[in-house]
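*Asks:* Here's a structure for you.
The values are calculated or read from the model by the stated rules, or taken from the named source; none is laboratory data. Predicted model only: the values in this text are computed from it and were never measured. Glycine also receives a Cβ, built like all others from the backbone with ideal geometry; neighbour counts cover every protein chain displayed. For the accessible areas, the whole protein counts, side chains as well, though only heavy atoms, and no ligand, DNA or RNA atoms are used. Shrake-Rupley method; radii C 1.70, N 1.55, O 1.52, S 1.80 Å.
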Amino acid sequence: MTKNELIIQELSKCYDGEKGSLDFTTPFELLVAVMLSAQCTDARVNIVTKDLFKVCNTPEGFSKMDVKEIEKLISSISFYRNKAKHIKECSIQLINKYNGIVPQSMEELTTLAGIGRKSANVIMLEAFNNCQGIAVDTHALRLSNRLGFSKETDPTKVELDLLKKFPKKYWRLMNHLLVYHGRAICKAQKPLCSDCSISTHCKYYKKQNKVKKDI
């Protein structure tokens, strides 16, 4: 087993890598939740969608709603105006092109308003149990850089590096483990290195320790 695989094994002992953290009951609900989650916590999204989906949870419903009405329902979410616009546009696209059904391919998903590769990866995995890659959000990007998985800063390029370094059997776990560890321990500011189960494998940790010793 490689060092990289050992890291995933260690993280698997700390978190449930089989399940994502967004609440949903249909592929469309997940699509909306993922759209709302950009630069916003999943916890906040789950609070908002709990009420939102009681009002509307179908492309048909959102396509008929005024954008201002959608804005009001999601106003506690970051960038809610832009996201409201995307929800309506995406709903109309789904009705016109896919008979109101969320498509089950990366290529089709990424043609939808508000859905990029990261979001499409999440939808394919969580809604359709079909892992196509590794969703790289800010947490996954940060951990990939600190652990030495990738030197890139562009999420798409980081994902390509991860896909090359890890066998496909690990991709599902990595979609969740990197995010969970980033939230709990490997924070952007003041990472909790003393509580980290994989610090001995971490290039960032070793570099920080070297700096302290030199001082």
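*Asks:* Magnitude of the Cβ-charge dipole of region 1-65, K/R +1 and D/E -1, about the Cα centre, nearest 20 debye? Each step should come with its number before you reach the end.
*Replies:* Details: 7 positive and 9 negative charges, 32 e Å.
Taking the Cα centre of region 1-65 as origin, the dipole is about 160 debye.
*Asks:* Amide H to amide H, which residues 5 or more places from LYS187 or on other chains are under 5 Å from it, using H placed in the peptide plane?
*Replies:* Sorted by chain and number, the residues that satisfy this are LEU192.
*Asks:* Pulled fully out, how much extra length does the chain show between ARG172 and THR156, if you take 0.36 nm times their separation in residues and subtract their Cα-Cα distance? Present the calculation step by step, with values, prior to reporting the outcome.
*Replies:* On the way: separation 16, 0.36 × 16 = 5.76 nm, distance 1.70 nm.
Fully extending the segment from ARG172 to THR156 adds 4.1 nm.
*Asks:* Turning to a different aspect of this structure: With a 10 Å cut-off between alpha carbons and a GNM built on the chain, which of ALA84, ALA135, ALA43 moves the most?
*Replies:* Most flexible of the set in this elastic network: ALA43.
*Asks:* Bins of 10 Å, beginning at zero and ending with the bin holding the largest distance: percent of Cα pairs per bin for region 71-117, please.
*Replies:* Over region 71-117, the share of Cα pairs per 10 Å bin runs 28, 46, 25, 1 percent.
*Asks:* Towards the positive end of the charge dipole of region 71-215, with charges on Cβ (+1 Lys, Arg; -1 Asp, Glu), say which of ILE185, ALA113, THR200 has the farthest Cα.
*Replies:* The residue sitting farthest along the positive end of the dipole is THR200.
*Asks:* Something else now. Per residue, how much accessible surface does the chain expose to a 1.4 Å probe? Answer in Å², no decimals. Intermediate values should be presented prior to the final figure.
*Replies:* Values: 11330 Å² over 215 residues.
Each residue of the chain exposes 53 Å² on average to a 1.4 Å probe.
*Asks:* Check GLY148: other-chain or 5+ apart residues with amide H under 5 Å from its amide H, H built from backbone geometry?
*Replies:* LYS203
*Asks:* Could you check how much of the accessible area of region 113-215 is carbon and sulfur, as a whole percent, using a 1.4 Å probe?
*Replies:* Numbers: 2850 of 5380 Å².
Carbon plus sulfur share of accessible area: 53 percent.
*Asks:* Assuming R0 = 35 Å, what is the FRET efficiency of ALA43 and ASN209, from their Cβ-Cβ distance, to the nearest 0.05? Kindly include the intermediate steps, with their values, before the conclusion.
*Replies:* Details: r = 32 Å, r/R0 = 0.93.
Once the sixth-power term is evaluated, E becomes 0.60.
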